[in-house]
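Read the structure below first, then the notes.
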Amino acid sequence: MEVFRNRSEDFTLTFSKTESVGDLMKVALFLHRVLLPGIVLFGLIGNILSLLVFNTTKLRRLSSSVYLSALALSDSGFLLCVLLLWIDTLNVSIFHRPILCQSLVYLTFIFSFLSVWIVNVLTLELYVITFYLSTRTLQLLDRSFAVRVLGFLAGVAIVLYGYNIWTIEIHEIDQERNVCTEKSSYFVLAMSCIDSLLTSLVPMVMMLVMTSRLLLAITKDCDNATVNPLQTRRKTSLVQAIEWISNETRTFSNAYQLGQTNIFSARREIEQRTVRGRSKSLSAHRKLRKMLVAVSVVFLFLNLPMHVNKLQSQLMSIIEDGYVTSEKAQAITHLLDLLFYINFSVNFFVYSGFTKQFRSHILAIPVHSFCELKLLRKPRKDPRKNLLMSSFPTEK
């Protein structure tokens, strides 16, 4: 993600000579100076509230809450880095300093990569559950699986963008001004192309395909409900999966009621509880489907223009030797970057607008937080341990 790194030099030089730029550039710089602090402030508040809702209410049981919590953290980290860049435009030199410059660029790349791929993985999970649901794909709803996926993405980002630590340097313009910039080399160009593929081309194409089909599925379901809401509709894969889970639950329950008090029946009881948990997760996941699709649509709307402009600029720099971006193109780029920054602060409003559960849980955050603290003081017993112990015959 090169918005933060490539724009830092442009901001520093352009803000220092505002009187010599055109009207469009003045408008772009003015909007950045005025709107950026508000975007960061509302984004941080919204992300903190989202984090509390997804971790202190009943929604914390869902795998999607793990992804959305991680998304709130990565978005907040990116916004804090952007805030430091904005402070630098007020002639307060914070960003363009040794160590701090390299660290902020490195962290920004990681946060941006994580935000893109968390939304992509979330959309992929919803896509698979909707169209390719089976007993194996139900494992995607486990929170442990979501944690493993997030750990893998974080590891890839940490390793992939480590080159920024030694390719970023401080360039001295004069005795009073320094600029954080990158070294010019074929290695940096190659890594820039890889970054464009991983954060622009591949995830955007995947999300366009998946989101389009999900929107068609939601529209079709709404049309069927509007035409004849009392008529039994055609069973979807999701309904079939819920029926399968219900049948399995009855089977396990009947086996347990027959008096099979041995290890096998105890394991079956544990499996029964797992199936019931996945059934509830599947039902709750279906209720959140519109919200998750809305997150993907908003993400595409706010990210796609910037990524298209970024790819076009990179292609022109490769095709034409000595390619120089015009002032008008730079102003348009700054405006598109502003849309891109909004993406990191708007998710809270998307959750609130499309999910009644989320709105109701916002008011209950203090109550849930108090209950969580109270429960932490009491040791929790593992019901599975008692179940296994009761399976052995007792001596008379």
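Which translational diffusion coefficient, to the nearest whole µm²/s, is obtained for segment 64-111 from the Stokes-Einstein equation, given a Kirkwood hydrodynamic radius over C-alpha pairs, 20 °C and 1.002 mPa s?
This corresponds to a translational diffusion coefficient of 185 µm²/s.
All other residues with a Cβ under 14 Å from the Cβ of Thr123 taken together, and with Lys, Arg as +1 and Asp, Glu as -1, what is their net charge? Spell out each step's value before the answer.
Working: positive: Arg213, Arg289, Lys290; negative: Glu125.
Computed value for this residue: +2.
Want the number for Val34 to Leu216: 0.36 nm per residue separation, take away the alpha-carbon distance, what's left?
Details: separation 182, 0.36 × 182 = 65.52 nm, distance 3.88 nm.
Net length gain for the segment: 61.6 nm.
When the convex hull of the Cα atoms of segment 289-352 is projected onto a plane and the area is averaged over all directions, what value comes out in nm²? It would help to have the intermediate numbers written out before the result.
Details: hull surface 19.5 nm².
Taking a quarter of the hull surface, the average projection is 4.9 nm².
Rounded to the nearest whole Å², what accessible area per residue is found for segment 140-210 with the 1.4 Å probe? Don't skip to the answer; put the middle values down first.
Details: 4020 Å² over 71 residues.
Counting only protein heavy atoms, the per-residue value for segment 140-210 is 57 Å².
State, to one decimal in nm, how far the label point of Arg148 lies from the label point of Val188, with both points 7 Å from Cα in the Cβ direction.
If labels sit at Arg148 and Val188, their model points lie 4.0 nm apart.
Going by amide H atoms built from the backbone, whose H comes under 5 Å of the H on Asn178, apart from near neighbours?
Excluding prolines and chain starts, which carry no amide H, the hits are Ile173.
The values are calculated or read from the model by the stated rules, or taken from the named source; none is laboratory data. Nothing here was measured: the structure is a model prediction, and the numbers come from that model. With ideal geometry, Cβ positions are generated from the backbone for all residues, glycine too; neighbour counts draw on all protein chains shown. These accessible areas exclude ligands, DNA and RNA; they are computed on the full protein's heavy atoms, side chains included. Shrake-Rupley method; radii C 1.70, N 1.55, O 1.52, S 1.80 Å.
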